[in-house]
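J.: Input: one structure, supplied below.
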Amino acid sequence: MKLSKQYDVFHNRSKKQKRVIDSNNFTYRKIIHNINSSINKKNKLLDYGCGVGTLTYYFSRIFKESTGVDVSEKAISIAKESVSDVDQSKSTIKFLTVKNFKIKANKNKYDLIICSEVIEHVSNDRELIKKIFMYLKKGGMLFLSTPSSQAPLFRMGLLKKFDARVGHLRRYSQINLVNLIESEKFQIKKIIKTEGLLRNSLYTMKPLGFIVRFIKGPLIKIITVVDDYLAYVFGESDIQIIAQKP
């Protein structure tokens with residue numbers, strides 16, 4: 001199945017957003033924290049592989065211009081329809097499919113590119129990193145996250161069906177991911193190993209998925225502390241990289 005059609009099907013159950021997530025959102029809190037602690041310039045953002053625009057909408061409150069791009073026309077349609085509290089008088093936000101996303105040399109380059117849980121889906125990962133390098137301004141930052149080959153559930157052979165269902169073509173070790181990114185002249189600024197056995201189970205095991213919607217308030221911190229310990233002891237399920245274009 002063509003990649004765009006595959007993810008149109010994936011987003012059939014996705015819904016438009018009624019509000020922008022906050023920084024303590026259980027799903028995105030670590031991504032938000034790690035990005036916020038690593039960026040200085042906040043003019044232009046590109047969320048490459050934005051899905052329905054959850055992170056694009058959140059960071060559009062911080063950046064002057066935000067662009068979300070995705071291979072799925074269905075996801076982009078939902079992102080455009082989403083109701084948010086973005087103040088359009090202070091920022092601009094737009095969503096485009098990959099096929100409609102055009103950028104000219106030395107034009108429209110970005111201060112930050114988010115590429116979260118995307119690279120494991122594309123057939124040519126090196127070409128993707130090359131594009132991202134080209135899209136960034138000099139000194140611009142890349143935030144990239146991807147599933148780890150060290151995930152305990154993966155090493156136990158329990159994620160084969162999950163990876164196939166969501167379209168994962170591969171997983172990365174820290175060494176392989178760093179080598180890939182540095183091969184395109186990026187400078188690695190930070191490597192974060194995150195997501196332990198507990199959190200990974202909630203997002204990969206279908207019978208447990210419904211629990212996530214009930215994780216709010218003090219439960220977020222409690223579960224995060226427990227999960228961080230499990231990641232330290234048994235290994236991470238996700239790797240986050242912050243890199244800079246020199």
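The values are calculated or read from the model by the stated rules, or taken from the named source; none is laboratory data. Quick caveat, the model's predicted, so the values are computed rather than measured. Note that each Cβ is placed from the backbone with ideal geometry, even for glycine, and that neighbours are counted across all protein chains shown. Only protein heavy atoms, including side chains, enter the accessible area calculation; ligands, DNA and RNA are left aside. Shrake-Rupley method; radii C 1.70, N 1.55, O 1.52, S 1.80 Å.
J.: Taking only C-alpha pairs under 8 Å that are 6+ residues apart, what is the relative contact order of the chain in percent?
T.: That works out to 19 percent.
J.: Which translational diffusion coefficient, to the nearest whole µm²/s, is obtained for the stretch 100-155 from the Stokes-Einstein equation, given a Kirkwood hydrodynamic radius over C-alpha pairs, 20 °C and 1.002 mPa s? Display every interim value, and only then the final one.
T.: Working: Rh = 12.8 Å.
Using the Kirkwood radius from Cα pairs, D works out to 167 µm²/s.
J.: How big is the stretch 183-246 by the Kirkwood estimate over distinct Cα pairs, in Å? Walk me through the intermediate numbers first.
T.: On the way: mean 1/r = 0.0748 Å⁻¹.
Evaluated over the stretch 183-246, this radius sits at 13.4 Å.
J.: Now a separate question. Rolling a 1.4 Å sphere over the protein heavy atoms, what is the accessible area per residue of the chain, to the nearest Å²? Can you show the working numbers first?
T.: Values: 13230 Å² over 246 residues.
Here the residues of the chain average 54 Å² of exposed surface.
J.: Next question, about the same structure. Give me the percent of Cα-Cα pairs in the stretch 13-62 that sit more than 12 Å apart, rounded to a whole number. Let's see the in-between values first.
T.: Working: 820 of 1225 pairs.
I get 67 percent for the Cα pairs in the stretch 13-62 exceeding 12 Å.
J.: Follow-up question, since we're still on this one. If you stretched the chain out fully between residue 225 and residue 42, how much longer would it get, using 0.36 nm times the residue separation minus the C-alpha to C-alpha distance? Could the numbers behind the result be given before it?
T.: Numbers: separation 183, 0.36 × 183 = 65.88 nm, distance 3.01 nm.
Working it through step by step, the gained length comes to 62.9 nm.
J.: Another question about this same structure. Ranked by accessible surface with a 1.4 Å probe, highest first, in what order do 33, 168 come? If you can, show how the numbers build up before the last one.
T.: Working: 33 115, 168 35 Å².
Ranked from most to least accessible, the order is 33, 168.
J.: Same structure again: Please list 65, 81 in order of solvent-accessible area, largest first, computed with a 1.4 Å probe with all protein chains present.
T.: Sorted by accessible area, descending: 81, 65.
J.: Right, next: Which entries of 15/109; 64/94; 30/189; 189/245; 44/74; 18/161 have Cα-Cα distances beyond 21 Å here?
T.: 15/109; 44/74; 18/161
J.: Something else now. Could you work out the helix-only [θ] at 222 nm for the chain, with each DSSP H run of four or more residues adding -39,500 (n - 2.57) and the total divided by the number of residues, to the nearest 500 deg cm²/dmol?
T.: -10000 deg cm²/dmol
J.: Taking the simple approach of a point 7 Å from Cα along Cα-to-Cβ for both residue 123 and residue 103, what is their distance in nm?
T.: The answer from the label model is 2.3 nm.
J.: Still on this structure, I have one more. Ignoring any ligand, DNA or RNA, what whole percent of the accessible area of the stretch 67-204 comes from carbon and sulfur when the probe is 1.4 angstrom?
T.: The computed percentage sits at 50.
J.: Over every pair of different alpha-carbon atoms in the stretch 111-202, take the mean of 1/r and invert it; report that Kirkwood radius in Å.
T.: 14.2 Å
J.: Right, here's the next one. Need the full-extension length gain, residue 183 to residue 160, defined as separation in residues times 0.36 nm minus the C-alpha distance. One decimal, nm.
T.: Taking residue 183 through residue 160 to full extension adds about 5.4 nm, to one decimal.
J.: Could I ask something else about it? Run the 1.4 Å probe and let me know the accessible area of residue 234, rounded to the nearest 10 Å².
T.: For residue 234, the solvent-accessible surface is approximately 110 Å².
J.: Got a sec to turn the phi values of the stretch 187-201 into Karplus ³J(HN,Hα) couplings, 6.51 cos²θ - 1.76 cosθ + 1.60 with θ = phi - 60°, whole Hz, x for Gly and Pro?
T.: 9, 6, 9, 7, 10, 10, 8, 9, 6, x, 4, 5, 4, 4, 5
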